[in-house]
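Written out below as structure tokens is the structure these notes cover.
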Amino acid sequence: YLFSFSIAQSPVTVSLEFPSEARAGREIKIFLKYFSQSEFLVSDLYAKAEYPSGFEFKSASPVPSEGNNIWSVGSLEAGQDGTIEIEGVLKETGASAESFKVSIGVKKDDSILSYDEAIAAIVPSSPFLSVDILPQGQEGAYKASLGEEINAVVRWKNNLPESVQDASLEVKIEDDKV
């Protein structure tokens, strides 16, 4: 016998929320949202996020139960929802968009059998003007000695396709110890 069937609706849905654009090199927040549309208790749920290569995970609330991308959601009552907040940095990769994928379902061995998935893309953008401050002309961290005179190089770059006219750059050190 051959039986065919269709799933009319998933017991749990998942979605992604984040800005449509983000500055490369800046921290962003991503919200993984889930909702039970079942009339009954849905148990043993797990949520999973798959990050693009240009995303560097920093933290999440709640803390992932496995690695930096799997959360034990537990059980959801009918109509119950929840949110996982993920923070990270979107790196400059040259890609026109970076895609994130999230899913929610039950765990089977080492994989998650998805009830629902969502895929969304974010467009990394460069700031109009990028500025780097190089203490003693060196990139990266610099450790100064007490009383040492430090010369800093301010390097800037116009990231716009047009030239910038009459721009000014102000550097201010805001530290009571300097």
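The values are calculated or read from the model by the stated rules, or taken from the named source; none is laboratory data. In this text, all values refer to a predicted model and were calculated from it rather than measured experimentally. Cβ sites come from the backbone with ideal geometry, for glycine too, and all protein chains shown count toward neighbours. To get the accessible areas, we keep the full protein, side chains included, count just its heavy atoms, and leave off ligands, DNA and RNA. Shrake-Rupley method; radii C 1.70, N 1.55, O 1.52, S 1.80 Å.
Toward the positive end of the charge dipole of segment 39-178, about the Cα centre and with charges on Cβ (Lys, Arg +1; Asp, Glu -1), which of 146, 100, 61 goes farthest?
Ranked along the dipole, the leading option is 146.
Can you tell me the convex hull volume per residue for segment 130-178, based on C-alpha atoms, in Å³ to the nearest whole number?
98
In µm²/s, what is D for segment 1-87 at 4 °C and 1.567 mPa s, where D = kT/(6 pi eta Rh) by Stokes-Einstein and Rh is the Kirkwood radius from Cα pairs?
88
Under the Kirkwood approximation for Rh and a Cα-based Rg, what ratio Rg/Rh is obtained for the chain? Before the final figure, lay out the partial values.
Numbers: Rg = 23.2 Å, Rh = 20.0 Å.
Ratio of gyration radius to Kirkwood radius: 1.16.
Please give the solvent-accessible surface of residue 173 in Å², to the nearest 10, using a probe radius of 1.4 Å with every protein chain present.
Rounded to the nearest 10, that gives 130 Å².
Build a GNM of the chain with springs between Cα atoms under 10 Å: which of 144, 97, 49 gets the top mean-square fluctuation?
144
Can you work out the base-10 log of I(q)/I(0) for segment 30-75 at q = 0.17, 0.18, 0.26 1/Å, using the Debye formula on its C-alpha atoms alone?
The Cα Debye sum returns log10 ratios of -0.56, -0.62, -1.05.
Rounded to the nearest percent, how much of the accessible area of segment 26-99 (1.4 Å probe, protein heavy atoms only) is carbon and sulfur?
Whole-percent figure for carbon plus sulfur exposure: 43.
Might you work out the accessible area of residue 51 for me, using a 1.4 Å probe with all protein chains in place, and round it to the nearest 10 Å²?
60
Can you give the three extents of the C-alpha atoms in segment 94-149 along their principal axes, from longest to shortest, in whole Å?
61, 31, 14 Å, listed from the longest principal axis down.
What accessible area, in Å² to the nearest ten, does a 1.4 Å probe give for residue 171?
90
What are the trypsin sites (Lys or Arg not before Pro) within segment 1-80 that DSSP puts in a loop, where the Cβ has at most 12 other Cβ atoms within 10 Å?
In loop regions of segment 1-80 (DSSP not H, G, I, E or B), the sparsely surrounded trypsin sites (Lys or Arg not before Pro) are 26.
With every protein chain kept in the model, how would you rank 160, 32 by accessible area, 1.4 Å probe, largest at the top?
If we order 160, 32 from most to least accessible, we get 160, 32.
Using only the heavy atoms of the protein chains and a 1.4 Å probe, how would 116, 109, 81 rank by accessible area, largest first?
Of 116, 109, 81, the descending order of accessible area is 109, 81, 116.
What does the accessible area per residue of the chain come to in Å², with a 1.4 Å probe and no ligands, DNA or RNA counted?
Value returned for the chain: 70 Å² of accessible area per residue.
Using a 1.4 Å probe and counting only protein heavy atoms, arrange 71, 156 so the residue with the most accessible area comes first. Kindly include the intermediate steps, with their values, before the conclusion.
Values: 71 5, 156 145 Å².
Largest to smallest exposure gives the sequence 156, 71.
Express in whole angstrom the spacing between the alpha-carbon centres of segment 132-151 and segment 65-124.
Spelled out, the Cα-based centre of one part sits 40 Å from the other.
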